[in-house]
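Visitor: What follows is a structure written as structure tokens; I'll ask about it next.
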Amino acid sequence: MERKCGKNLKNMDKQPIDNILVKLRNKSKSIPHYLYVDYGNYRDTIFLAGSGRSGTTWLQEMINYKNEYHILFEPFHSKYVKELKDWNYRQYLRPTNQDPKYIEPAKCILSGKIRNKWINKFNRRIISHKRIIKDIRANFLLRWIHDQFQGIPIVLILRHPCAVANSRLILKWNTHFKEIFQQNDLVTDYFDFVKKEAEDMNDPFEKHIFMWCLENYVPLKQFKENEILITFYEDLCVNFPEESERIFNYLGKSLPKNPNDLMQKPSSMSRKDSPIKMNMGLVNSWRKNVTDGQIGRAIEIMKLFGLDAIYGEQDMPKINTQEVLKIL
């Protein structure tokens, strides 16, 4: 396995490597993206998951406020990571699947041994024994990762689907419905009951709402209380000190003396017109682009999955995080 993931570094003298890499880093700002040494194994990984545009990068940067971690950006994107060329886009795996086709590249990723420009573009750590993986296309893999690579703490962040859909539409994102419904195991296990609705979905806003339901329904259906940590984007915005402390405690970390400083910094993935940069409401700024009729339609779509128990007409979630894993 080590041969496939890269050279075994355990027995190498770390001090000369530190000195060399620090000198190289001082000479070139681009080197930290592609040149690093990761001494850890997959158990030294934090996994942050969520829908795209739900605050995953913001959360990652909060946790890594001291630059303690090797950052892996979207490493399960099969279109950018050659080691996953035989995987589906947004791959789903049943929790018991032990096919080496999936186990071996996943172990390399979770151990920080796969590198390329896509994965490492936000990494600023040269020498590391621990890492954060942030991925918006891995929700269908979370239970499999939990069972096959035990000990990795997983945090799933949720944000109001109307906010997510609004942001994705501004960025002109595709929904990739076709790729999802081509995965027979995924459809058989979870989505057979909504195949007809998916086929009839044409409105771009409604398709993004439907996509939010698809990608969050699976982990919320698979996990039980205390197996992963659920956090709401809205709770971080409105009640940051308490919610950030809950997350940091789960990860065994300490907050800085002034935790609110972490909230004020926009993430590296924030749009130029994002609410935090424009000094607008972080929780409800999406309402200027979304009609009451669209909100009503979003609730109808969520009802198909039972996810209207989480979000509705209001800005904030209808339930607390401790109740989320009990609704399905």
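The values are calculated or read from the model by the stated rules, or taken from the named source; none is laboratory data. Small disclaimer: the values here were computed from a predicted structure and weren't measured. Please note: Cβ atoms are built from the backbone with ideal geometry, for glycine as well, and neighbour counts cover all protein chains shown.
Visitor: Considering segment 219-240 alone, what residues qualify as being touching a helix residue (DSSP H, G or I) at 6+ places or on another chain (Cβ under 7 Å), in a helix (DSSP H, G or I) and either without any contact (Cβ under 8 Å) to a residue 24 or more places away in the chain or among the charged types (D, E, K, R) (or both)?
Guide: Of everything in segment 219-240, those that are touching a helix residue (DSSP H, G or I) at 6+ places or on another chain (Cβ under 7 Å), in a helix (DSSP H, G or I) and either without any contact (Cβ under 8 Å) to a residue 24 or more places away in the chain or among the charged types (D, E, K, R) (or both) turn out to be K221, D235, F240.
Visitor: A further question follows. Please specify each residue of segment 61-86 satisfying the condition of being acidic (D, E) and touching a strand residue (DSSP E or B) at 6+ places or on another chain (Cβ under 7 Å).
Guide: Passing the criteria: only E74.
Visitor: Check whether at least one residue in segment 174-183 is touching a Leu at 6+ places or on another chain (Cβ under 8 Å) and either within 22 Å of F76 (Cβ to Cβ) or hydrophobic (A, V, I, L, M, F, W, C) (or both), and report yes or no.
Guide: Within segment 174-183 (the criterion being touching a Leu at 6+ places or on another chain (Cβ under 8 Å) and either within 22 Å of F76 (Cβ to Cβ) or hydrophobic (A, V, I, L, M, F, W, C) (or both)), the answer is yes, since at least one residue qualifies.
Visitor: Under 9 Å between Cβ atoms, which residue pairs at least 6 apart in sequence (or on different chains) link something in segment 158-181 that is assigned to a helix (DSSP H, G or I) with a partner that is surrounded by 14 or more Cβ atoms within 10 Å (Cβ to Cβ) and among the acidic types (D, E)?
Guide: Matching pairs, first to second residue: A163/E234; A163/D315; A165/E206; I180/E215.
Visitor: Can you list residue pairs whose Cβ atoms sit under 6 Å apart, with the first residue in segment 195-209 being free of Cβ contacts under 8 Å to residues at least 40 places away in the same chain and the second being assigned to a loop (DSSP other than H, G, I, E, B)? Count only pairs 6 or more apart in sequence or on different chains.
Guide: From segment 195-209, the pairs are K207/T175; K207/M201.
Visitor: Something else about it: Kindly indicate whether Q91 is assigned to a loop (DSSP other than H, G, I, E, B), at pLDDT 95 or above, crowded, with 20+ Cβ neighbours inside 10 Å and polar (S, T, N, Q).
Guide: Criteria met by Q91.
Visitor: Can you tell me which residues in segment 113-145 are more than 22 Å from G55 (Cα to Cα) and at pLDDT 95 or above?
Guide: Of everything in segment 113-145, just one residue is more than 22 Å from G55 (Cα to Cα) and at pLDDT 95 or above, namely W144.
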